[in-house]
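Structure first, commentary second.
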Amino acid sequence: MEQLREIMTSKFPSIDFEKEKNLIDDGLITSIDVVGIITELEDAFGISVTMEYIQPMYFQSLESMWEMIEELA
């Protein structure tokens, strides 16, 4: 989880990932941002994000992204 936090904080330094739980719904990250996030997560964690996981619910918070990573690992 710490590695995920570091990746996201370096990519989006103005977002407080401890507080924000609706990153997409609140417009803090866009669908274009998600494409970049997926690429970084695949490289960092050795996973392949399949189409079923390319949904807003998996990118709303660090916790939801981490759950996705654990399912795909």
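The values are calculated or read from the model by the stated rules, or taken from the named source; none is laboratory data. Computed from a predicted model, the values in this text were never measured in an experiment. Every residue, glycine among them, receives a Cβ derived from its backbone with ideal geometry; neighbour counts consider all protein chains shown. Heavy atoms of the whole protein, side chains included, go into the accessibility calculation; ligands, DNA and RNA do not. Shrake-Rupley method; radii C 1.70, N 1.55, O 1.52, S 1.80 Å.
Summary table below
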read-out	value
Helix 2-11 vs. the chain, principal-axis angle (Cα, 0 to 90°, nearest 10)	60
Accessible carbon and sulfur surface of the chain relative to its total accessible area, %, 1.4 Å	52
Kirkwood Rh (inverse of mean 1/r, distinct Cα pairs), segment 1-44, angstrom	10.9
Solvent-accessible area per residue, Å², over the chain with all protein chains present [probe radius 1.4 Å]	59
Per-residue ³J(HN,Hα) for segment 68-73, Karplus 6.51 cos²θ - 1.76 cosθ + 1.60, θ = phi - 60°, Hz, x for Gly and Pro	4, 4, 5, 5, 7, 6
Net lengthening on full extension, Glu63/Thr30 (0.36 nm per residue, minus Cα-Cα)	10.1 nm
Cα-projected label distance for Ala73 with Phe12, points at 7 Å along beta-carbon direction, nm	2.1
